[in-house]
């Protein structure tokens, strides 16, 4: 999947068009059209959340908010699309529930600015239900059953495959449907020990249940339009051009000591089976158990974020067991299938450790960028969280006349969170992306325009 299948041609930037926005309450007759008073719409996707949140900011000069008597359960239907001549652009529709009035302030005697915090309708609906029942099946099957039971949805997009060894029986302990799906997700692993993520698209409304191995193996969606950190990129107005990063920040990174203290680099895990009085001991070494596998996911990004052979006092840090964990593990709760936290053998326990290490590794090298959001709201597909993007950061020094990239900050990054910011006054849209990677580029070759370079 690539948003480059929708070329922008000679357009430097297109805009977003709000087609309709209506606010309605069960305590009022009819609905109020707020399309013309929208100042800004800000929508949030997160790879760890199967729902969309956001803020809708309006100029209230006609006491719309007062007259509606906002109490926190009003509905907003929002329809918009990218304003462009491209033929296959689709309208995007979202249904939200007002959670609360986030803030409200006057600009003059007769006009107020009101910021409404919203959540998508299905998530609000989830909060009204309580799940107290047993489910049996593979994690993706259980999640699909929950979505069908409580959301009338049976269109889950998943990378999971039939693997009867993953089947389990769970008794949901007093959760709402969304909480239940996240609880099941936390126990889901693919055959190689990679964790699953369950998330929702703000642009298509689709739900995705995808394993990290599949996500990291996908090609980037902007191969010939990489995000770059210098203004010279905008001089190329062609189908194949670079996209300028408007703003960039790098959070605290490379805290290897913290990862060591969490047992992510090297540890010993003891799983006690209370039914038999026995226990399994699993020694974990990030170099042998994880880093070797990561090198096969992306052929141009094979330098792991952690050097597994890095030594301290003549001993590899991955060989230090900096933490010893003891955990209670249920066994044979059900005769015919595993329970929630039950493993078949040591291999299953090792997969759990590997999964936790992968999640920790994704926090080691992150980057936050702001870019034009035109192609992300094309409406034909999902281009937000769970996709990979190519980010090229120029090296601080150049050799002769050859441009180089910073191999550490550049990379093929997985989008972990996405904030769609659509301005009602200018009709422009921008994307605030927080991205993570698990490896670095080998080459520092840089070609400013198009897809022939790094």
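The values are calculated or read from the model by the stated rules, or taken from the named source; none is laboratory data. Fair warning: this is a prediction, and the values are worked out from it, not measured in the lab. Cβ: placed from backbone, ideal geometry, glycine included. Neighbour counts: every protein chain shown.
Given the condition surrounded by fewer than 20 Cβ atoms within 10 Å (Cβ to Cβ) and in a strand (DSSP E or B), answer yes or no: does some residue in the range 339-353 qualify?
No - not one qualifying residue is present in the range 339-353.
For the range 368-394, how many residues are closer than 22 Å to residue 204 by Cβ and assigned to a loop (DSSP other than H, G, I, E, B)?
Final tally of qualifying residues: 11.
Among the residues of the range 58-107, write down those that are at pLDDT 85 or above and loosely packed, with under 12 Cβ neighbours inside 10 Å.
Those that are at pLDDT 85 or above and loosely packed, with under 12 Cβ neighbours inside 10 Å: 105, 106.
Please indicate, with yes or no, whether at least one residue in the range 254-265 is without any contact (Cβ under 8 Å) to a residue 12 or more places away in the chain and on the phi > 0 side of the Ramachandran plot. It would help to see each step written out before you state the result.
Filtering the range 254-265 for residues without any contact (Cβ under 8 Å) to a residue 12 or more places away in the chain gives 257-258.
Pick out the ones that are also on the phi > 0 side of the Ramachandran plot and you get none.
So far as the range 254-265 goes, no, none of its residues is without any contact (Cβ under 8 Å) to a residue 12 or more places away in the chain and on the phi > 0 side of the Ramachandran plot.
Per-residue answers, yes or no, for (1) touching a helix residue (DSSP H, G or I) at 6+ places or on another chain (Cβ under 6 Å); (2) under 30 Å from residue 289 (Cα atoms); (3) buried (at least 23 other Cβ atoms within 10 Å of the Cβ); (4) at pLDDT 90 or above:
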site	(1), (2), (3), (4)
360	yes, yes, no, yes
374	no, no, yes, no
398	no, no, no, no
409	no, yes, no, yes
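Among the numbered conditions (1) surrounded by 14 or more Cβ atoms within 10 Å (Cβ to Cβ); (2) modelled with pLDDT under 90, tell me where residue 124 comes up short.
It fails just one condition, (2).
Looking at the range 72-104 only, could you name the residues that are assigned to a loop (DSSP other than H, G, I, E, B) and touching a residue at least 24 places away in the same chain (Cβ under 8 Å)? So that I can check it myself, show each step before the final result.
Within the range 72-104, the first condition is being assigned to a loop (DSSP other than H, G, I, E, B), and the residues that meet it are 72-74, 84-91.
72, 73, 74, 84, 86, 88, 89, 90, 91, listed by residue number.
Checking residue 165 against (1) in contact (Cβ under 8 Å) with a residue 60 or more places away in the chain; (2) within 30 Å of residue 3 (Cα to Cα); (3) surrounded by fewer than 16 Cβ atoms within 10 Å (Cβ to Cβ), which single condition isn't satisfied?
(2)
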